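A.B. asks: Dumping the structure here so I can ask a few things about it.
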Amino acid sequence: MTDATNADVAVDTRKSGRALYVASVVLLCAWVIVPIYFLLINTLSSPEAVNSFPKSFVPEFDFGSLQFFAGFAGMLTALKNSIVVALMTMVMSIAIGAPAGYALSRFDFPGKGLFRLLILLTRAFPLPLLALPLAVMFIQTGLDDTAFGLALVHTTLAIPFAVLITFSLFSGIPIELEEAAWTLGCTRLTAFNKVVLPLILPGITASAIFAFVISWNEVFAAAVLTIENRTLTAFLLQNLDTSPLHLKFAGGFILVVPALIFIFAVRKYLFAMWGIANR
């Protein structure tokens, strides 16, 4: 009798745990999807529908707001600047962060733990605190109002994450694989290229995607350090401050969609990174 009761309790516990898991997944999906859906609805609705209440759950497919931005002066230039800066941030953050992550994973040196902590603490300095000295330094060096100068700032924001992500991924690959390649006559570089790199490439790509998103969403440095060559976020922030509500929704939609498309296009690398991390 006791065994039957314990079995019933175990079954009920599993059912409750499964129900809680499903509810958590649904809630998380709703937390992400619902705001994007309402952003889409208000972007594809007329100004009257955007300001009316109650809201409709079906868009009117009014493209007036998007057509406004398509013909807005400087819009395409700002979009190009955002793409250029984000791509440069990707390349530089991985070029610096991946070797640092490999060194932290494979070599022991005094202060290794402190160094990892200091890398993380670089994110503790608020960017507004550094805005004035950065602006002065950029003006003196001629990097102000340039895509490369802004990419340098975005790279400093992305490097801590690139280092820590690649460190965890390199740590997930047994060093015995490299040692086996060394015994077969490979140098450290050859062993890395032939053994480690194919395994870690999806994770490095995912880290690069993370750097792209950081650069794409960053607005403060872009607004302070650029004037003529603003990125899309800074450009929209400057021009939508006093704009009507329907244009603000359309501007938010234009900001979100390119990043979502980019992440969707390279989603297989994110899934591959998850597979590497769980080996």
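The values are calculated or read from the model by the stated rules, or taken from the named source; none is laboratory data. Since we're looking at a predicted model, the values are computed, not measured. Backbone-built Cβ (ideal geometry, glycine too); neighbour counts: all protein chains shown. The protein model used for the area step is the full one, side chains on, heavy atoms only, and it has no ligands, DNA or RNA in it. Shrake-Rupley method; radii C 1.70, N 1.55, O 1.52, S 1.80 Å.
A.B. asks: Which of the lysines could be linked to Lys248 by a straight reach, that is with a Cα gap under 19 Å, when you skip same-chain ones fewer than 8 residues away?
C.D. replies: List returned: Lys55.
A.B. asks: Let me ask another. Compute a Gaussian network model of the chain, connecting alpha carbons closer than 10 Å, and tell me which residue from Asn51, Asn217, Asn42 fluctuates the most.
C.D. replies: Asn51
A.B. asks: Please compute the alpha carbon radius of gyration of region 65-274, then divide it by the globular-protein estimate 2.2 N^0.38 Å. Two decimals is fine.
C.D. replies: Normalised by 2.2 N^0.38 Å, the Cα Rg of region 65-274 equals 1.19.
A.B. asks: Taking a probe of 1.4 Å, how large is the accessible area per residue of the chain, in Å²?
C.D. replies: 59
A.B. asks: For the chain, modelled as a GNM with alpha-carbon contacts under 10 angstrom, which of Phe161, Phe115, Phe235 fluctuates the most?
C.D. replies: Highest fluctuation among the options: Phe115.
A.B. asks: When the chain is modelled as a GNM with alpha-carbon springs shorter than 10 Å, which of Asp145, Asp241, Asp62 fluctuates the most?
C.D. replies: Looking only at Asp145, Asp241, Asp62, the largest GNM fluctuation is found for Asp241.
A.B. asks: Of the accessible area of region 65-274, with the probe set at 1.4 angstrom, what percent is carbon plus sulfur?
C.D. replies: On the way: 8110 of 11020 Å².
Carbon with sulfur: 74 percent of the solvent-accessible area.
A.B. asks: Hey, another quick one. Using a cut-off of 14 Å between beta-carbons, work out the net charge of the residues near Ala49 (Lys and Arg +1, Asp and Glu -1, Ala49 not included).
C.D. replies: It works out to a net charge of -2.
A.B. asks: Quick one: Cα centre-to-centre distance for region 135-154 and region 68-113, in angstrom?
C.D. replies: Region 135-154 and region 68-113 have Cα centres spaced 15 Å from each other.
A.B. asks: Quote the FRET efficiency, to the nearest 0.05, computed for Ile96 versus Phe72 with a Förster distance R0 of 51 Å and r equal to the Cβ-Cβ distance.
C.D. replies: FRET efficiency, Ile96 to Phe72: 0.90.
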